[in-house]
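Visitor: Take this structure, written in structure tokens, and hold onto it; I'll ask about it next.
The values are calculated or read from the model by the stated rules, or taken from the named source; none is laboratory data. These figures come from a predicted structure and were not determined experimentally. No Cβ is skipped: glycine too gets one built from the backbone with ideal geometry, and neighbour counts run over all protein chains shown. The protein model used for the area step is the full one, side chains on, heavy atoms only, and it has no ligands, DNA or RNA in it. Shrake-Rupley method; radii C 1.70, N 1.55, O 1.52, S 1.80 Å.
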Amino acid sequence: MINLLKFAHLLFALGIFSLAIYCFALIGSKIFLLKNTNTHDKFNHLNKIIVVLCVFAMLTGTLLVYPKHFTFHTPWIHAAYLFTFLVGCSAISFILFKKKRENGYRWVWRLAYLVLISILIVITHDAVTKTTFIFPDQ
């Protein structure tokens, strides 16, 4: 059962990461600039999927803490919860912030998704090394 939870947790995390990279790449494409496409609805749909995957990643991560002999006071687990919460809140703000994604705002959205991808890389680093990125000695 533990292996199934770890596998699901890994799939959810990879899904979040790959959707963030896809959104980042989609903003840089020429399809983004066309007015007659529904890319803005696609972004909202993809961000909703990211939020759902964040919830399931946090749920499966919570179910893995005690069976893997960790506690909720472990620093890298604290950081994982904090950063996953930030990723979910960012995706929710992307959904609620319905400003047109036009040429002038492309760099803002690309920067936002780049920050999202950076946070996901930090979460992955912390989970693999079992230390926090900022304070590795804790």
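Visitor: Return the pairs, sorted by first residue and then second, in which the second residue is of a type in the set (V, I, T) and open to solvent by 60 Å² or more (accessible area, probe 1.4 Å), the first residue lies in the range 57-79 and is free of Cβ contacts under 8 Å to residues at least 24 places away in the same chain and within 17 Å of T131 (Cβ to Cβ), the beta carbons are less than 9 Å apart, and the residues are 6+ apart or on different chains.
Guide: That search, which allows pairs on different chains as well, returns V65/T71; I77/T71.
Visitor: Could you figure out which of (1) assigned to a helix (DSSP H, G or I); (2) modelled with pLDDT of 85 or more isn't true of F94?
Guide: (2)
Visitor: For the structure I just gave you, tell me whether I77 is closer than 21 Å to Y113 by Cα, modelled with pLDDT of 85 or more and either surrounded by 13 or more Cβ atoms within 10 Å (Cβ to Cβ) or out of contact with any strand residue (DSSP E or B) (no Cβ under 8 Å at 6 or more places or on another chain) (or both).
Guide: No, not satisfied.
To keep it simple, each residue is scored yes or no on (1) open to solvent by less than 80 Å² (accessible area, probe 1.4 Å); (2) at pLDDT below 85.
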{"site": "L59", "(1), (2)": "no, no"}
{"site": "L64", "(1), (2)": "yes, no"}
{"site": "P67", "(1), (2)": "yes, no"}
{"site": "L82", "(1), (2)": "no, no"}
{"site": "C89", "(1), (2)": "yes, no"}
{"site": "Y105", "(1), (2)": "no, yes"}
{"site": "W109", "(1), (2)": "yes, yes"}
{"site": "I119", "(1), (2)": "yes, no"}
{"site": "I123", "(1), (2)": "yes, no"}
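Visitor: Six or more apart or on different chains, Cβ atoms under 7 Å: show the pairs whose first residue is in the range 5-27 and farther than 15 Å from A91 by Cβ and whose second is of a type outside the set (A, V, I, L, M, F, W, C) and open to solvent by less than 70 Å² (accessible area, probe 1.4 Å).
Guide: L5/T60; A8/T60; H9/T60; H9/G61
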